[in-house]
Amino acid sequence: MKKLRCIMLIDDNPDDNFFHQRVIKKADAAEVVIAENSGMGALEYLKLKKDHPQEHPDLIFLDINMPGMNGWEFLEEYEKLDKDLQSRVIIVMLTTSENPDDRMKAMNIVPEFRTKPLTKEMLEEIINKYF
Amino acid sequence: MEQKQIKHTELTFQLIVESSPNAIVLVNKEGKIAYVNNQTEKLFGYTKVELVGQLVEMLIPTRYSENHPGFRNTFFTSPKVRSMGVGRELFALRKDNTEFPIEIGLNPIVTVDGTMVLASIIDITERKKAEERFRLVVESAPNAMVLVNHEGIITLINRQTETLFGYERIELVGKKIEILLPERFSKHHPEHRTSFFRTPQTRSMGAGRNLFARKKDGSEIQVEIGLNPIDAVEGQLVLVSIIDITDRKKAEERFRLVVESAPNAMILVNHEGVINLINKQTEILFGYERSELIGKKLEILLPERFSNQHSTHRNDFFKKPQTRSMGKGRDLFAKRKDGTEVQVEIGLNPIETAEGQLVLASIIDITERKIQEMILKKQVELETKNKELEQFAYVASHDLQEPLRTVSNYMQIFEEDYLAHLDDDARKYIHSVNNATKRMSTLVKALLDFSRLGRNSKLAHVDCNELIDNVVSDLQTLIKRTNSIIHVAEMPSLNLYEVEIGQLFQNLISNAIKFQEKNSTPEVHIYSKNVNGKWQFSVRDNGIGITPAHFERIFDIFQRLHATAEYEGSGIGLANCKRIVELHQGEIWVESTLGKGATFNFTIPPLTI
């Protein structure tokens, strides 16, 4: 498995962020893990790429059920970003949502849809597939 | 003395003659005018001097005067009082050569100068005009009119009569009126006629009876007849006005048939609220015989609490009659013969008839509908409740999943980082917590599945042979491990929710394999048959069986009969099965004897895609 430079987690649940961060680190899948607890925070971070060019995410795990800006609304804003700010980023949905409507919606927007929790196996599979 | 007496008589005669309103002309045997009165001067424009001594023919138009001496002579051969020229029209000639119609009465008089004739002449110009006017009025009447004298002889008909009866005028005038009656009526007609002339007054004929007339071709028409007595010079006459109501009667009959064949009760009521007509459905709805209702006030069909105000409502309706439903917004009730009430809906239709304004009330028994409406309302409520419950189950299971995952995540971290530092007891506890967490996760997932059953699926035509093949191959691991034998009989193809039915069979087959005595060989039979158009599927096992007390309970959610240690399960499998069968509007039940296996049956009715 290739080691990525940076993976971003967007989830309002700090426990999930903590656990997923730990899974990524244990699997040694990335140099840096950025954990954002809101879509707004994540967008701000992406827009400031020039401040930390080495820590721009190659891969983002996005939660759907978040208060305020939810995952879908984040995606709308994300699409408006400069390609440069988006580039090399693959979005993978990471949620407990088993709602078939959500699943259909996700499939139309993002290449991957996965159910929480993130595991080492899942991570390997995704990185091998896209990097 | 005798001379004086004669003089006196002459004077009296002269006075009488002069005071007569008619022209009076005295003519002798030779046809010479012996005397005329003042009226004669006025009427003819001659002076007495110009007339007396002249032949009477000077007062007659030339076309008649030639034959007149002959008539005159005939009169004198047998002189008697009579009117002149019966049946002929008579005319007189004035000095100025104009003619005018007259009537003449002839009286022979014996005088000293021999027998003379006293002609009394009436100018009938005005009467002729009046008669002509009358004739024109009759002629222009829109319906057939026949003038009949007291002997029943037709003296006048109009064009409409010709049209209606198919006779020419000439064929009817002078004939007895009975020519226009069907034979079965003509026999007694003269009696009716006589009784009319005894007390002649304007009235309609045969009130309440159906009247018929006969045409020239023998066919009959239904008629309505008005009788008007007319005093004429010829004596008492009756002007008969005849209306052909055959079409109206036909229309009435059609109307009656339409009403009779209506699928709901219909009642025809007049402005006084008297029932005029009802149909069979009315008899059925209210339990009355036709004869018990016709002629009665409509209030007989109303509960007392409404009947008081009904006449007011009725009057309001007749003031402004229009098609509308009755008592909009109010609940209407009607009363049956047995006193029971029935909730109704009433439509009102004003109908103009010969008998005046009527209203046709169309009554629908809505008791059944009201019950249906209530059931439907309850059903909608229930569906809403069900939806809410589904939504609740979905949200609850979804939200429960999240903290549960956090617990199991931290348990994983704990095991990874600290298990090595723990003693055996602690490890056992951690193991138990892990098991409980997994089990809870299974339950929550099951609940989620249960709440979502059939939500996004569509009916499809499914070959159940293939469907069960797939289910059995999905269960291969379990079947191999338990050495189970599965027998599948020939299966039908029908419309189903494919995924759900797959789950159903999977549940039933795995239950059949699971609930077995240890070390026994599970044997499962799957078969189907058509019962009254529905397919009945059965899954029979040779397992531990179920006691009848539990036959119902096993289909409830989270109901388990066995300890987890003995037989694993979420307790939701059969609840799912039941929901899936209900989704197909079918039924599911179990037949079993404890220790002797169980058979799960379910039915699927024909479903339209």
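The values are calculated or read from the model by the stated rules, or taken from the named source; none is laboratory data. As the structure is a prediction and not an experimental result, all values here were calculated from the model. Quick reminder, even Gly has a Cβ in these numbers, built from the backbone with ideal geometry, and neighbours come from all protein chains shown.
Figures for the structure shown
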read-out: Subset of segment B:151-182 [within 39 Å of the chain's Cα centre (by Cα), of a type outside the set (Asp, Glu) and outside any loop (DSSP other than H, G, I, E, B)]; value: B:Arg159, B:Gln160, B:Thr161, B:Thr163, B:Leu164, B:Phe165, B:Leu180
read-out: Restricting segment A:100-129 to residues that are away from chain B (no Cβ under 14 Å) and modelled with pLDDT under 85, the residue that is nearest to B:Val444 (Cα to Cα); value: A:Phe113
read-out: Residue match in segment B:502-524 (condition: loosely packed, with under 12 Cβ neighbours inside 10 Å, away from every other protein chain (no Cβ under 14 Å), at pLDDT below 90 and at positive phi); value: yes
read-out: Residue satisfying all of: in segment B:105-138; touching a Leu at 6+ places or on another chain (Cβ under 9 Å) and over 25 Å from B:Thr9 (Cβ atoms); surrounded by the most Cβ atoms within 10 Å (Cβ to Cβ) among these; value: B:Val138
read-out: Some residue of segment B:178-190 being in contact (Cβ under 8 Å) with a residue 24 or more places away in the chain, polar (S, T, N, Q) and out of contact with any His (no Cβ under 8 Å at 6 or more places or on another chain); value: no
read-out: Residues of segment A:11-31 classified as more than 14 Å from chain B (Cβ to nearest Cβ) and closer than 21 Å to B:Ile413 by Cβ, total; value: 3
read-out: Residue match in segment B:436-455 (condition: of a type in the set (Gly, Ala, Ser), touching a strand residue (DSSP E or B) at 6+ places or on another chain (Cβ under 7 Å) and in contact (Cβ under 8 Å) with a residue 12 or more places away in the chain); value: yes
read-out: Failed condition for B:Asn456, given (1) modelled with pLDDT under 90; (2) among the polar types (S, T, N, Q); (3) surrounded by 13 or more Cβ atoms within 10 Å (Cβ to Cβ); value: (3)
read-out: Tally of residues being on the phi < 0 side of the Ramachandran plot, loosely packed, with under 15 Cβ neighbours inside 10 Å and assigned to a loop (DSSP other than H, G, I, E, B) across segment B:183-214; value: 8
read-out: Residues of segment B:514-540 that turn out to be touching a strand residue (DSSP E or B) at 6+ places or on another chain (Cβ under 8 Å) and within 24 Å of B:Asp463 (Cβ to Cβ), as a count; value: 15
read-out: Test set (1) surrounded by 15 or more Cβ atoms within 10 Å (Cβ to Cβ); (2) within 30 Å of B:Glu292 (Cα to Cα); (3) of a type in the set (Lys, Arg) - B:Arg405 fails condition number; value: (2)
read-out: Residue ID - farthest from A:Thr119 (Cα to Cα), chosen from residues in segment A:74-99 that are modelled with pLDDT of 85 or more and surrounded by 14 or more Cβ atoms within 10 Å (Cβ to Cβ); value: A:Leu81
read-out: Of residues in segment B:360-388 being basic (Lys, Arg) and at pLDDT 90 or above, the one nearest to B:Val274 (Cα to Cα); value: B:Lys377
read-out: Evaluation of B:Tyr394 against (1) within 14 Å of chain A (Cβ to nearest Cβ); (2) closer than 30 Å to B:Lys518 by Cα (one fails), failing number; value: (2)
read-out: Index of the failed condition, B:Pro229 passing every other in (1) in a loop (DSSP other than H, G, I, E, B); (2) touching a Pro at 6+ places or on another chain (Cβ under 6 Å); value: (1)
read-out: Residue, surrounded by the most Cβ atoms within 10 Å (Cβ to Cβ), within segment B:525-561, restricted to residues that are aromatic (Phe, Trp, Tyr) and in a loop (DSSP other than H, G, I, E, B); value: B:Phe551
